């Protein structure tokens, strides 16, 4: 008597259909709120479009892109903003990821009130960036009443004077970096903490029996155990660091922040669109920046892919 085998292709088709139905809302949201606006921005980049202008938009072709790289009035601010973005990302990604990993390891312990400490470290993530920028503006105020200047004045027994942390070109970007890390490190910490809790405790117990040091346990157990999580956090931090805008905009509009030293590409695009009313040029900036970020993301993904682990 022959047995009847189940119809596997039909089951695979049903699984594919169920997966498609479950992902439809997310895909529809991406298309409606990301794909369509970006496609419209690509179209606008080929036209001379200005807000409030009574003239009809005129087709410019690649003129907006040519001006972006050859016209000193446009290429200068754009390249400076791109350099600021790259500087911000190069410093923030390793520093924030390393700090988040250290906090996650510190809080991955069975101690009393550990939940309270985790909440305290995560609390800045809940605050809106606009509120965080206002708070740090008070901390970094250039007057003697600024909290940081007042603390340094007290510690130095009156030898520290008022310093313009936000207005000085050498410390303006560093101030934005510290602000951003303080606000965002809790989010990466929670992700890494979840990864640490997935590592079996038996591995650490076996390592202790073999008299492995804490550094050896970290190197041979912790890092391999959270490698994929660490890569995800690094890539996520990279993407978030390239879209930095809120803190720069709030501090610049509030006065006192060195605009040239902290200008980012997102800030440049917004000021071009709504400050100069040049929608076409702002769209070209957005498209070029998108292509640059995609290229850097692909390079980073290739470098840290699992195949390069050995």
Please list, ordered by first then second residue, the pairs with beta carbon atoms under 7 Å, 6 or more apart or interchain, first in segment 49-62 and without any contact (Cβ under 8 Å) to a residue 24 or more places away in the chain, second surrounded by 11 or more Cβ atoms within 10 Å (Cβ to Cβ) and not in a loop (DSSP other than H, G, I, E, B).
58/47; 58/48; 59/47
When segment 98-139 is checked residue by residue, the ones that are outside any helix (DSSP H, G or I), modelled with pLDDT under 85 and surrounded by 16 or more Cβ atoms within 10 Å (Cβ to Cβ) are none
Please return the ranges of helices (runs of 4 or more DSSP H) entirely within segment 198-310 where 2 or more residues are out of contact with any helix residue (DSSP H, G or I) (no Cβ under 9 Å at 6 or more places or on another chain) and either free of Cβ contacts under 8 Å to residues at least 12 places away in the same chain or more than 18 Å from residue 89 (Cα to Cα) (or both).
201-209, 214-217, 279-303
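Against the condition touching a residue at least 60 places away in the same chain (Cβ under 8 Å) and surrounded by 12 or more Cβ atoms within 10 Å (Cβ to Cβ), how does residue 188 come out, does it pass?
yes
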Test residue 42 against the criterion of being buried (at least 17 other Cβ atoms within 10 Å of the Cβ), modelled with pLDDT of 85 or more and either in a loop (DSSP other than H, G, I, E, B) or touching a helix residue (DSSP H, G or I) at 6+ places or on another chain (Cβ under 7 Å) (or both), and give yes or no.
no
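Looking at 173, 189, which one is assigned to a helix (DSSP H, G or I), more than 22 Å from residue 87 (Cα to Cα) and over 13 Å from the mean Cα position of the chain (by Cα)?
One residue alone meets the criteria, 189.
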Any idea which residue in segment 140-169 is nearest to residue 87 (Cα to Cα), counting only those that are touching a helix residue (DSSP H, G or I) at 6+ places or on another chain (Cβ under 8 Å) and part of a helix (DSSP H, G or I)?
169
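The values are calculated or read from the model by the stated rules, or taken from the named source; none is laboratory data. These figures come from a predicted structure and were not determined experimentally. Neighbour counts are summed over all protein chains in view; Cβ atoms, including those assigned to glycine, are modelled from backbone coordinates with ideal geometry.
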